[in-house]
Amino acid sequence: MTGGVSRAMDRSVFVVVPIYNEGPVIESSLTPLVDKGYSVVAVDDGSTDDTWSIVRSLPLYSLHHAVNLGQGAALQTGMAFALGRSAEFIVHFDADGQHNLDDIEVLLDPLRKDEADVVLGSRFLRESDRRAVPPGKRLLLRTGVIVNGLLTGVWLTDAHNGLRAFTRKAAARIDLHENGFAHATEILTQIRRQKLRVVERPTAIVYTERSMTKGQPMWNSIKIVLDILLRRIFR
Amino acid sequence: MRPVQFILVVLLMVVTYVYFNRLRSGLLDRLIVLVFAGVGVVMAVIPNFTTKLANLVGVGRGVDLFFYLAIVGLGFMCLLLYSKIRDLESAITELTRALAVRKANTPEGVEEPHPE
């Protein structure tokens, strides 16, 4: 069912893909993950187009939120599901085709060597990746890095990079309540609180026209900070 | 009695009636609404009373005092509603998640884990 490729070892790697209205591109994003032999957990976050009917017909684990809750909620659902299976490693992977498939192994490497509990992707560790980031986006992400650092005490080189990898133990300790996009900051808070070992690894981001429009514009950034601050007040 | 006083009293009575009739609320909530409505009627009928109260705390007119209190009250209500909405959201999230996990599709050829 997985295109003839079945590396038994990789079955313990669960790739969680949050999906919302990705209709036209979703199959081409998911199929390579399946072919690679990973256990793919596709979480459709209440899409209003035909995304769910496409996803459910693919040879992978597919889950469906009856209502749209947000990316953070979809990731948490995927992680909870993967932990209920035989997942040894759990990877977050965006659905819009912006990530490079081969980067997954790069992120898993420190986990397999037991050098880290969590590995985060960064597009600012290699000159070639850095140059691929549009200038406006670069400034926004730089600001995000500082905001995240100040709020969580975890200082990184990138913010809101959708590619992350966790050991089973680390994933079990992460419990996301931030349903929207503020989950990226919440993950850092929990990494710090749970005293997990975190490292960054270089990842390439492909900026397609689609991922640019679906990305997070200025207004979203403001909303994220608001979400985080409100959560601080309302425990 | 000026017309505006009459209108205010009638409106207060309508709101109270609707609350008691339509919303299934606890005894305490009903009591609070009744007290508020009573105070409202007193304030509408005897404006001098609220002005005296306002003078006591250093505000010139009863209307102004009421205005300040109303703003604070509205802010408080917003916070209350907000935290209620957050509670609701997390309940919906839990339900949606449980349903999604229970109804998950498994690819062919993969064995389901044995229920523990």
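None of the figures in this text is laboratory data; all of them are computed from the coordinates on show. Given the structure is predicted, the values throughout are model-derived calculations rather than measurements. Heads up, the Cβs are rebuilt from the backbone with ideal geometry, glycines too, and the neighbour counts pull from every protein chain shown.
Quick notes on this one:
- Neighbours of A:Leu63 by Cβ distance under 11 Å: Lys/Arg scored +1, Asp/Glu scored -1, total +2.
- At R0 = 56 Å, FRET efficiency that the Cβ-Cβ distance of A:Asn220 and B:Arg30 yields, to 0.05: 0.80
- Taking 7 Å steps out from each Cα toward its Cβ at B:Ile92 and B:Leu74 produces label points 2.5 nm apart.
- Rounded FRET efficiency, nearest 0.05, which uses the C-beta distance separating B:Arg102 from A:Ile233 and R0 of 41 Å: 0.75
- Ordering A:Glu200, A:Glu115, B:Glu108 by the number of other Cβ atoms within 10 Å of each residue's own Cβ, fewest first, gives B:Glu108, A:Glu115, A:Glu200.
- Taking the DSSP beta bridges with both ends in region A:13-234, the antiparallel portion is around 30 percent.
- When the Cα gyration tensor is reduced to axis lengths a ≥ b ≥ c, the ratio a/c is 1.5 or higher for chain B, and with a/b above b/c it is classed as prolate.
- Measuring between alpha carbons in the structure, the pairs from A:Lys36/A:Lys223; A:Lys169/B:Lys84; A:Lys223/B:Lys84; A:Lys36/B:Lys103 lying more than 31 angstrom apart are A:Lys36/A:Lys223; A:Lys169/B:Lys84.
- Residue-averaged beta-carbon neighbours from other chains (10 angstrom radius) around A:74-80: 3
- Within chain A, helix-based [θ] at 222 nm, where runs of 4 or more DSSP H residues each add -39,500 (n - 2.57), nearest 500: -13000 deg cm²/dmol
- The residue list A:Leu125, A:Ile54, A:His92 was ranked by how far each Cα lies along the charge dipole of region A:13-234 toward its positive end, using unit charges on Cβ atoms, and A:Leu125 comes out on top.
- Translational D in µm²/s for region A:13-234 (Stokes-Einstein at 4 °C, 1.567 mPa s, Kirkwood Rh from C-alpha pairs): 74
- Rounded FRET efficiency, nearest 0.05, which uses the C-beta distance separating B:Val42 from A:Leu101 and R0 of 51 Å: 0.10
- With neighbours defined as other Cβ atoms within 10 Å of a residue's Cβ, the residues A:Thr143, A:Thr203 order from fewest to most as A:Thr143, A:Thr203.
- Cα centroid of region A:75-89 to Cα centroid of region A:142-175, whole Å: 19
- Against the main long axis of the alpha-carbon atoms of chain B, helix B:62-102 sits at an angle near 10°.
- Taking other C-beta atoms within 10 Å as the exposure proxy, A:Lys36, B:Lys84, A:Lys223 rank B:Lys84, A:Lys223, A:Lys36 from fewest upward.
- Each Lys or Arg adds one and each Asp or Glu takes one away; over the other residues whose Cβ falls under 9 Å from the Cβ of A:Ile228, this sums to -1.
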